[in-house]
Amino acid sequence: DMKYNTQKHVHEWINLNLKNRFYIGESLVLENNQFVSKLRIGFEEPKEASFFLIACPHLKYSSV
């Protein structure tokens, strides 16, 4: 979920802690008959995706 300016903080954390290419952007998802904005993040390297899920402190503010 987009809370607490999550996109900006996650983008900054990725730039500081990871090296390869990534994608970060918003998408609309249908939940309970309502469209909800969700943050989508993708990584070129699977290892970086794993590290991100383990180490990024900003994920505790969202539902992953």
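Order the peptides 40-49, 22-31 from the highest to the lowest mean number of other Cβ atoms within 10 Å of their residues. Present the calculation step by step, with values, prior to reporting the outcome.
Working: 40-49: 13.2, 22-31: 11.1.
Ranked by mean Cβ neighbours within 10 Å, highest first: 40-49, 22-31.
Might you tell me the accessible area per residue for the chain, computed with a 1.4 Å probe and given in Å²? Before the final figure, lay out the partial values.
On the way: 4890 Å² over 64 residues.
With the other protein chains kept in place, the chain gives 76 Å² per residue.
What percentage of the solvent-accessible surface of the chain, computed with a 1.4 Å probe over protein heavy atoms, is contributed by carbon and sulfur atoms? Could the numbers behind the result be given before it?
Working: 2530 of 4890 Å².
Of the solvent-accessible surface of the chain, carbon and sulfur hold 52 percent.
Relative to the longest principal axis of the Cα atoms of the chain, the long axis of helix 6-17 lies at roughly 10 degrees.
Output the 0 to 90 degree angle, nearest 10, between the alpha-carbon long axis of helix 46-55 and the longest principal axis computed from the alpha carbons of the chain. Once rounded, the angle reads 70 degrees. What the Cα atoms of the chain give is an Rg and a Dmax of 12.2, 38 Å.
The values are calculated or read from the model by the stated rules, or taken from the named source; none is laboratory data. Since this is a predicted model, take the numbers as computed values, not measurements. Positions of Cβ are backbone-derived with ideal geometry, glycine not excepted, and every protein chain shown enters the neighbour counts. Side chains included, ligands, DNA and RNA excluded: accessible areas come from the protein's heavy atoms. Shrake-Rupley method; radii C 1.70, N 1.55, O 1.52, S 1.80 Å.
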